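Novice: Before I ask anything, here is the structure I am working with.
The values are calculated or read from the model by the stated rules, or taken from the named source; none is laboratory data. All values reported here derive from a predicted model rather than from experimental measurement. So basically every Cβ, Gly included, is an ideal-geometry build from the backbone, and we count neighbours across all protein chains shown. These area figures cover heavy atoms from the full protein model, side chains too; ligands, DNA and RNA do not enter into them. Shrake-Rupley method; radii C 1.70, N 1.55, O 1.52, S 1.80 Å.
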Amino acid sequence: MFDFILDVLIVAAAYSIAALSLNLQAGIGGMMNFGQIAFFGVGGYAVALGVQAGLPPVLAAAVGIAAGCLFGGLTGLLGRSLDTEYWAIATLGLAEIFRIVLINESWLTGGAGGTGVGQPLFPGMSGRENMLAFIATGATAVLVSFLFVRRLTESQFGRILRLLREQPDLCASFGHNLTAYKAAGMAIGGGVAALGGSVLTLYISYINPGDLVAFGTFLFWAMVIIGGIGNNFGALLGAFVVQFIFSLALFAKDWFGVPSEMVGALRLLLIGVTLLLFLLLRPEGVVSEKIRKIDA
């Protein structure tokens, strides 16, 4: 049971970094990114292919972060000519295109079967010792990501992103370049999400396109909304809550006699119902966004 909890915590840590990224893009900047899972996958595949090419895992993860920033920046530039709703659909389409490319370029990515990392992050460690090392790695990555994003959202850059979210016309009237700020927000968020994908891929030592379906983006959105959209701590909290709900569904077959083939559907049901309840009863999430007020 202890190893199971460690496993859930490591996976939740990786997902929480991606949730933090989505909160920066959508919660702070108001950019409806429905392709978040692709940025997560960019980091995962970059670290896998980088290590296979002979790079140290940490350097391969850095390459993944750079690739995520580039992919995010280019995605943000689409906002130059698309309205918010169409841009959101475009991000969904880009994520699916990315997944299809991964499936078809099997000479590089291993195709539908995926690819392994080829070198462990902690050579010589195995079992619980390896998991504890990953707990420390995941916690460090979460802490660094959280402090970085919080510093960013409390800076002038964050205030402009919030203004862009609430009053884009007013933001433009102040002389701010909306496209540049969208691209910057997406680039930074893309790099942070790629870090989460790198951590999970190094832990599992494997990644495949089946891990990058649209349901992954749904989970990230559920984490952000349940935790509290617009609040960085809420995004982290939501990630751990959703991951624990997702994982505890595995025990339903023992506790309630649910057939094994129904566990997947039960997971969807539990996350969906929880999300719906929050949207109806507490749309601000567990931890609501804190807006600094200035008395006139």
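Novice: Name the residues in segment 231-258 that are surrounded by fewer than 23 Cβ atoms within 10 Å (Cβ to Cβ) and outside any helix (DSSP H, G or I), would you?
Specialist: Phe256, Gly257, Val258
Novice: Would you call Phe40 in a loop (DSSP other than H, G, I, E, B) and under 18 Å from Val11 (Cα atoms)?
Specialist: no
Novice: Out of (1) exposed (fewer than 15 other Cβ atoms within 10 Å of the Cβ); (2) assigned to a helix (DSSP H, G or I), what's the single condition that is false for Ala141?
Specialist: (1)
Novice: What's the number of the condition Ser155 fails, among (1) of a type in the set (Gly, Ala, Ser); (2) open to solvent by 50 Å² or more (accessible area, probe 1.4 Å); (3) more than 20 Å from Ile204 (Cβ to Cβ)?
Specialist: So Ser155 meets the others, but not (2).
Novice: Output the residues belonging to segment 169-208 that are more than 30 Å from Leu108 (Cα to Cα), in contact (Cβ under 8 Å) with a residue 24 or more places away in the chain and surrounded by fewer than 20 Cβ atoms within 10 Å (Cβ to Cβ). Give the derivation first.
Specialist: Within segment 169-208, the first condition is being more than 30 Å from Leu108 (Cα to Cα), and the residues that meet it are 169-182.
Within this subset, residues satisfying the condition of being in contact (Cβ under 8 Å) with a residue 24 or more places away in the chain are 178-179, 181-182.
Leu178, Thr179, listed by residue number.
Novice: Could we say that Ser81 is among the polar types (S, T, N, Q) and open to solvent by 80 Å² or more (accessible area, probe 1.4 Å) here? I'd like the intermediate steps shown before the answer.
Specialist: Numbers: among the polar types (S, T, N, Q): yes; open to solvent by 80 Å² or more (accessible area, probe 1.4 Å): yes.
Criteria met by Ser81.
Novice: Do we find that Leu94 is under 30 Å from Arg80 (Cβ atoms) and touching a Ser or Thr at 6+ places or on another chain (Cβ under 7 Å) in this structure?
Specialist: Values: under 30 Å from Arg80 (Cβ atoms): yes; touching a Ser or Thr at 6+ places or on another chain (Cβ under 7 Å): yes.
For Leu94, the condition - under 30 Å from Arg80 (Cβ atoms) and touching a Ser or Thr at 6+ places or on another chain (Cβ under 7 Å) - is met.
Matching residues to (1) in contact (Cβ under 8 Å) with a residue 60 or more places away in the chain; (2) not small (Gly, Ala, Ser):
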site	(1), (2)
Asp83	no, yes
Tyr86	no, yes
Leu92	yes, yes
Gly124	no, no
Arg128	yes, yes
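Novice: Let me ask something else. Please pick out the residue among Leu102, Leu147 that is assigned to a helix (DSSP H, G or I), open to solvent by 70 Å² or more (accessible area, probe 1.4 Å), at pLDDT 90 or above and of a type outside the set (Asp, Glu). Full working, then the answer.
Specialist: Values: Leu102 fails: open to solvent by 70 Å² or more (accessible area, probe 1.4 Å).
Every option except Leu147 fails the conditions.
Novice: Just name the residue that is farthest from Pro56 (Cα to Cα) out of those in segment 119-131 that are assigned to a loop (DSSP other than H, G, I, E, B) and open to solvent by 80 Å² or more (accessible area, probe 1.4 Å). So that I can check it myself, show each step before the final result.
Specialist: Narrowing segment 119-131 to residues assigned to a loop (DSSP other than H, G, I, E, B): 119-126.
Next, from what is left, pick out any that are open to solvent by 80 Å² or more (accessible area, probe 1.4 Å): 123-124, 126.
Values: Pro123: 12, Gly124: 15, Ser126: 19 Å.
Checked segment 119-131; the qualifying residue farthest from Pro56 (Cα to Cα) is Ser126.
Novice: Only one of these is open to solvent by less than 20 Å² (accessible area, probe 1.4 Å), over 19 Å from Phe220 (Cβ atoms) and of a type in the set (A, V, I, L, M, F, W, C): Val58, Val51. Name it. If you could, list the steps in order and put the result at the bottom.
Specialist: Values: Val58 fails: open to solvent by less than 20 Å² (accessible area, probe 1.4 Å).
Only one candidate qualifies: Val51.
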